[in-house]
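Written below as structure tokens is the structure these notes are about.
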Amino acid sequence: MKIILDAMSGDNAPKAQVIGGLTAAEKLGVDIILCGNKDIIEKEMAAYKGDTSRITIHHCSEVIENEDDPIRSVRRKPDSSITVGLNLLNEGIGDAFISSGNTGAVIVGSMQILGVIEGISRPALMPVIPTAKGPCALLDSGANAVCTPENLCHFAIMGSYYMNKVMGIENPRVGLINIGAEEKKGTPLTKEAYKLLKEMPINFTGNIEARHIPAGNADVIIADGFTGNIVLKLYEGMGKFLLTKFKDILMSNIKTKIAALLIKGEVGTFKKSMDYKEHGGAPLLGVNKTVIKAHGSSDAKAVVSAVRQAMKAVESNLTEEIKNCVKINE
């Protein structure tokens, strides 16, 4: 398997992407294609002490910056690491593409170069978030600020298949984010989406309020991209806040420091469950190839997780499963 990795995008690029790619290649036994400036990548690779035999560099002379306009940048920077990486994926040179860069450019580029699955109206970003009962899919988390009821139904299908095929959850529970559990609550969008979701061949459990998401009341959470992105950012912020406050409590005096030593293992497990670096990135579901949008602040550890996530998606044949599911339900 070959994973194409954008080595030039992200807050910690290129070091995090290069070291993460090298580590993933060595530990996960996967071939990595690094897209970016060859001289810069080779300089970063020179400091790595491990095996580099599974790494290939594909030189790119341009970089799409975060402040660049997504639509224009894909067209005006054809030799950027994002555009080139997506073209390599489209040509079958790699099996999946990962980028920590400009989210809009990754989405627009994927739609233009790879194409959207026939029968899917819009692709969706789907991060996996932690809950009390295990991982939960959230989609859309930012690809589509404005959605139709049909968009939300397609998100539900794709999210259900991902959690089943990649995460191994039987009959995933699907919830629609709303301001109340009652069917008649919400906006015209959520009311109409509720009616459609009830008729779909998925395990739709109804509306879910934001406060019930951390409890694990659903395995797949559906929302328009505007709402989903707010939920995601609040989730990340609260996770950091709780971990910081918990650490402050444990370090406050001698008694709590002793207690911290006694529960060090449990605290580590909790911290790991809340760390986005453990989950990789957000798959862009609905395009014709596997694309993972990694967190903009990804470090090498997060890059390794994103590679692992991409491998699982490819191994599970997720894209073809979604295509087949859409055909059945047309």
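The values are calculated or read from the model by the stated rules, or taken from the named source; none is laboratory data. Note that the structure is a prediction, hence the values are computed from the model and not measured. Counting neighbours? That spans all protein chains shown, and the Cβs are built from the backbone with ideal geometry, glycine included.
Which residues, counting only those in segment 289-322, are among the basic types (Lys, Arg) and over 11 Å from the mean Cα position of the chain (by Cα)? I'd like the intermediate steps shown before the answer.
Filtering segment 289-322 down to residues among the basic types (Lys, Arg) leaves 289, 293, 301, 308, 312.
Within segment 289-322, LYS289, LYS301, ARG308, LYS312 meet the criteria.
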ALA145 is checked against (1) outside any helix (DSSP H, G or I); (2) in contact with a Phe, Trp or Tyr (Cβ under 7 Å, 6 or more places away or on another chain); (3) surrounded by 16 or more Cβ atoms within 10 Å (Cβ to Cβ); (4) not acidic (Asp, Glu) and fails just one. What number does that condition carry? (3)
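Name every residue in segment 46-66 that is of a type in the set (S, T, N, Q) and within 26 Å of the chain's Cα centre (by Cα), in order of residue number.
Residues of segment 46-66 of a type in the set (S, T, N, Q): 52-53, 56, 61, 66.
Those that are of a type in the set (S, T, N, Q) and within 26 Å of the chain's Cα centre (by Cα): THR56, ASN66.
Looking at the structure I just gave you, is PRO127 over 21 Å from PHE226 (Cα atoms) and under 18 Å from the mean Cα position of the chain (by Cα)? I'd like the intermediate steps shown before the answer.
Working: over 21 Å from PHE226 (Cα atoms): no; under 18 Å from the mean Cα position of the chain (by Cα): yes.
The answer is no for PRO127.
Can you pull out every residue in segment 172-195 that is part of a loop (DSSP other than H, G, I, E, B) and either farther than 21 Å from LEU125 by Cα or at pLDDT below 95 (or both)?
Taking segment 172-195 first, the residues part of a loop (DSSP other than H, G, I, E, B) are 172, 178-187.
ILE179, GLY180, ALA181, GLU182, GLU183, LYS184, LYS185, GLY186, THR187 - these are the residues of segment 172-195 that are part of a loop (DSSP other than H, G, I, E, B) and either farther than 21 Å from LEU125 by Cα or at pLDDT below 95 (or both).
Name the single residue, out of those in segment 64-92 being closer than 19 Å to ILE292 by Cβ and part of a loop (DSSP other than H, G, I, E, B), that is modelled with the lowest pLDDT. Spell out the reasoning first.
Residues of segment 64-92 closer than 19 Å to ILE292 by Cβ: 64, 66, 70, 74, 80-92.
Next cut, part of a loop (DSSP other than H, G, I, E, B) only: 64, 66, 91-92.
Values: ILE64: 96, ASN66: 91, GLU91: 97, GLY92: 96.
Top of the filtered list is ASN66.
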Identify, please: which residue in segment 298-330 is outside any helix (DSSP H, G or I) and at pLDDT 90 or above and is, among those, nearest to ASN151 (Cα to Cα)? SER298
Filter segment 109-119 for residues that are within 20 Å of ASN229 (Cβ to Cβ) and buried (at least 21 other Cβ atoms within 10 Å of the Cβ); which is nearest to the chain's Cα centre (by Cα)? SER110
Only one residue in PRO135, PRO127 is in contact with a Phe, Trp or Tyr (Cβ under 8 Å, 6 or more places away or on another chain), in contact (Cβ under 8 Å) with a residue 24 or more places away in the chain and under 26 Å from ALA25 (Cα atoms). Which one? PRO127
Could you check segment 1-45 and list, in sequence order, the residues that are within 17 Å of LYS77 (Cβ to Cβ) and among the small types (Gly, Ala, Ser)? ALA7, SER9, GLY10, ALA13, GLY36
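State which residue is nearest to the chain's Cα centre (by Cα) when the search covers only segment 196-213 and only residues that are touching a residue at least 40 places away in the same chain (Cβ under 8 Å) and either within 21 Å of TYR235 (Cβ to Cβ) or not in a loop (DSSP other than H, G, I, E, B) (or both).
Going through segment 196-213, the residues touching a residue at least 40 places away in the same chain (Cβ under 8 Å) turn out to be 196-197, 200-204, 213.
Those left that are additionally either within 21 Å of TYR235 (Cβ to Cβ) or not in a loop (DSSP other than H, G, I, E, B) (or both): 196-197, 203-204, 213.
On the way: LEU196: 26, LEU197: 23, ASN203: 22, PHE204: 22, ILE213: 18 Å.
Per the criteria, the residue is ILE213.
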